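The values are calculated or read from the model by the stated rules, or taken from the named source; none is laboratory data. Since the structure is predicted, the reported quantities are computational estimates derived from the model, not experimental observations. Cβ placement follows ideal geometry from the backbone for every residue including glycine, while neighbour counts extend to all protein chains displayed.
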């Protein structure tokens, strides 16, 4: 288990109680249907992850989401695993995607991906191939994958149904 750095103070957007429920300083529960995807998933990995979550009976980590558009920055497979399990909500950490501290890089060399491309794709209901984007955040002058801020929460699946 890797050590997680403390989370910066990020205030979730105010939504109606049935859409968002605060469960920590930086983490809230959001209805799955509110989220917007920009990437396809890998079915083989999805099945493996779904089985792991069911076996554990918990979701270990929240997903990363833009607080303005609810576009998923990291966690597409966790979202789909919870849908297959029959959950209605998912824990998220909300980020300001327009912050210059958040960058998007292509997973594969020679490809181009920008924040604008991701926003347009997600808002239009389209999907890029799996693992197209890699969302990074600047921490102490160094770019790290955004998942470094996804702290372990171990939330029981019953709370997500």
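Okay, here's what the table says:
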| read-out | value |
| --- | --- |
| Selection from segment 77-104 of residues that are farther than 23 Å from residue 28 by Cβ and surrounded by fewer than 14 Cβ atoms within 10 Å (Cβ to Cβ) | 100 |
| Selection within segment 69-118 - assigned to a strand (DSSP E or B) and under 22 Å from residue 152 (Cα atoms) | 71, 72, 73, 74, 89, 90, 91, 92, 93, 94, 95, 102 |
| Filter result (closer than 19 Å to residue 92 by Cβ and not in a helix (DSSP H, G or I)) within segment 39-63 | 39, 41, 58, 59, 60, 61, 62, 63 |
| Total residues in segment 114-133, condition farther than 14 Å from residue 97 by Cβ and surrounded by 13 or more Cβ atoms within 10 Å (Cβ to Cβ) | 5 |
| All positions within segment 21-39 that are modelled with pLDDT of 95 or more and surrounded by fewer than 14 Cβ atoms within 10 Å (Cβ to Cβ) | 33 |
